[in-house]
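A short write-up of the structure that comes next.
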Amino acid sequence: MSTAPLSGIRVLDFTHAAAGPFATMFLADMGAEIIKIERPRYGDGARSMGSPMPGFPKRNSDYYLSLNRNKRGVVLDLATPVGAELALDLARHCDVVAQNFRPGVLDRLGLGFDAVSQVRPAVVYCSISAFGDEGPWRGRPANDIIMQSVSGLMGITGEVGGGPVRIGAPVSDYSTGLFALSGILAALLARDAHPEGQHVRVSMLEASLNVMCNYIPAVAGLGQQIPRLGRAHAQIVPYQAFECSDGEYLMVGAFTRLFWQRLTTVLGHEEWIADERFATNSARLRNRETLVAELEAIFSTRTRAEWLEVLDRADVPASPVLELHDAVVSEPVIAAGTIQTLTDGDRTARVVVSPLRVDEWQTPEPRMAPDLGADTRQVLRELLELSDERIDALTADGVVASPEPVAGSTA
């Protein structure tokens with residue numbers, strides 16, 4: 001078994017909140033060394049998002065711990081000339097630089113792509129923004145819920161006849177992170193052909209639109225509108241949840257001709273296969289109300305467990321609709337080992353780990369997200385060869401910082 005594919009790759013990580021840290025966390029899972037830069041006192045804003053984790057240093061939230069495993073934590077005040085200079089010195093030793101400040105912010109600090117590529121040729125520099133580098137909205141603040149609203153994601157989500165609803169998970173943030181991850185990996189693959197460096201740019205708006213790519217041709221090309229359909233799908237029927245006799249919900253996804261035929265057979269309605277109202281998905285879309293009413297009546301006659309057994313035997317895609325607290329302890333999740341306990345001394349946190357499984361290389365053992373400034377001194381010693389006296393002086397000036405005391409201590 002070989003080492004992880006990004007072993008030896010070093011990333012200078014200026015990202016904060018969710019989209020950027022999500023991307024760099026997966027780089028760490030593939031073996032890269034991540035040096036996470038945070039501001040003094042407060043650190044990454046994600047430290048105060050979600051619930052504080054008992055027993056951890058203050059401002060270590062569940063949100064932060066879930067997005068920053070396997071990273072080294074360094075505190076630098078980039079707003080000071082000395083802090084920005086130290087950051088640029090660190091960039092000389094890194095293969096990748098990632099940031100998700102508003103367009104132009106790091107350029108003004110002397111840490112943009114042009115400046116970094118001067119000191120580190122062939123750098124892969126990834127910029128994540130809300131609305132991209134151009135246009136009247138380029139400098140606006142934004143986050144996941146803003147992106148869900150302005151991209152149309154919320155517009156297609158919600159109950160029939162109801163208002164728009166935010167998707168429960170921050171899909172705009174995380175999809176942006178995955179696009180950034182793929183761009184960084186592609187640039188690393190191609191960097192031998194680009195000794196001048198590469199600037200990978202990803203906007204949350206474009207990432208969010210790509211999540212809905214299946215709807216765009218009809219909307220942008222044909223002027224169609226996508227209705228809010230609650231538990232149903234705008235392009236496939238039947239592809240939704242049905243309430244069973246015990247009040248539990250069953251998800252059924254007969255998304256191909258073969259699955260539809262199997263479903264009609266097991267429901268005792270083989271005549272629907274040739275029925276011109278239901279024979280094709282297009283016909284079922286036109287006659288959605290009639291068909292769904294028939295299906296609702298049928299599924300209401302048995303419990304969810306009974307229907308799951310019937311549909312499983314018929315090889316029709318079906319599943320229970322689980323609450324999240326039930327999903328994380330479900331049989332397939334436990335079997336996959338997706339939820340793991342990370343430890344740091346006497347502190348523990350349960351987190352979801354990378355879904356990537358590759359037999360041919362060894363995945364790094366997951367480590368707890370770093371405390372604020374946990375590795376500042378070590379990184380400045382290793383990469384910049386600064387003396388303890390110099391680091392102490394920088395600390396006294398507020399340019400750098402070391403770990404904060406554990407919550408509840410008198411330090």
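General remarks:
- Ordering 3, 282, 339 by the projection of their Cα atoms onto the charge dipole of the chain, which places +1 on the Cβ of Lys and Arg and -1 on the Cβ of Asp and Glu, puts 282 at the extreme positive end.
- For residue 385 and residue 7, a Förster radius of 22 Å and the Cβ-Cβ distance give a FRET efficiency of 0.45, rounded to the nearest 0.05.
- Mean-position separation - Cα centroids, segment 310-362 and segment 168-192, in angstrom: 23
- Rg and Dmax of segment 224-320, both derived from C-alpha coordinates alone, stand at 12.7, 39 Å.
- Bridge type composition, the chain - antiparallel percent by DSSP, nearest 5: 45
- Mean separation of Cα contacts under 8 Å, 6 or more apart, over the residue count of segment 1-145: relative contact order %: 23
- Segment 136-287, relative contact order in percent, only Cα pairs under 8 angstrom and at least six apart counted: 18
- Relative contact order (percent, whole number), the chain, Cα cutoff 8 Å, 6+ residue spacing: 20
- For 325, 194, the sequence from fewest to most other C-beta atoms within 10 Å is 325, 194.
- GNM result for the chain, Cα springs below 10 Å: residue of 184, 34, 273 fluctuating most strongly: 273
- Note, ³J(HN,Hα) from phi for segment 322-338, Karplus 6.51, -1.76, 1.60, rounded to Hz, x at Gly and Pro: 9, 5, 4, 5, 7, 4, 6, 10, 6, 4, x, 5, 5, 4, 7, x, 6
- Shape call, segment 82-145: gyration tensor on alpha carbons, a/c limit 1.5: prolate
- Dimensions (Å) - segment 263-402, Cα atoms, principal axes, largest first: 84, 32, 32
- Cβ charges +1 (Lys, Arg) and -1 (Asp, Glu), total dipole of the chain, debye: 680
- Sorted into 5 angstrom bins from 0, the C-alpha pair distances of segment 111-151 split as 5, 20, 20, 17, 13, 13, 9, 3 percent.
- Helix runs (DSSP H) in the chain reaching 27 Å along axis by Cα, Kyte-Doolittle at least -0.5: 171-190
- Helical content alone sets the calculated 222 nm signal of the chain at -9500 deg cm²/dmol, taking -39,500 (n - 2.57) per DSSP H segment of four or more residues and averaging over every residue.
- Segment 212-272 shape via C-alpha gyration tensor axes, a/c threshold 1.5: oblate
- The residue among 149, 187, 121 whose Cα reaches farthest toward the positive pole of the charge dipole of segment 77-227, with charges on the beta-carbon of Lys, Arg, Asp and Glu, is 149.
- √(5λ) per eigenvalue of the Cα gyration tensor, segment 15-90, largest first, Å: 21, 17, 10
- Both radii come from the Cα set of segment 119-192: Rg as radius of gyration, Rh as Kirkwood radius; their ratio Rg/Rh reads 1.12.
- Comparing 214, 143, 60 in a Gaussian network model of the chain (Cα springs below 10 Å), the most mobile by mean-square fluctuation is 214.
- Alpha carbon centroid spacing (whole Å) that separates segment 54-121 from segment 364-386: 13
- Once divided by 2.2 N^0.38 Å, the Cα radius of gyration of the chain becomes 1.17.
- Extension gain, residue 350 to residue 293, is 16.3 nm, computed as 0.36 nm per intervening residue step minus the present C-alpha separation.
- Among 218, 122, 234, the largest mean-square fluctuation in a Gaussian network model of the chain, built with springs joining Cα atoms closer than 10 Å, belongs to 218.
- Selection among 68, 261, 244 by position relative to the dipole of the chain gives 68 as farthest towards the positive end (Cβ unit charges, Cα centre).
- Per-residue extension of 0.36 nm, minus the Cα-Cα distance of residue 233 and residue 145, leaves a gain of 29.5 nm for this segment.
- Computed over all pairs of different Cα atoms, the Kirkwood value for the hydrodynamic radius of segment 104-245 is 17.5 Å.
- q = 0.15, 0.18 Å⁻¹, segment 32-163: log10 I(q)/I(0) [Debye, one scatterer per Cα]: -0.90, -1.15
- Estimated FRET transfer efficiency when R0 is 51 angstrom, pair residue 336-residue 196 (beta carbons, to 0.05): 0.75
Taken together, the values in this text are just the output of simple stated rules run on the coordinates, not laboratory data. The model shown is predicted, which means the values in this text are computed figures rather than measured ones. A quick note on method: Cβ atoms are made from the backbone with ideal geometry, for glycine too, and the neighbour counts reach across all protein chains shown.
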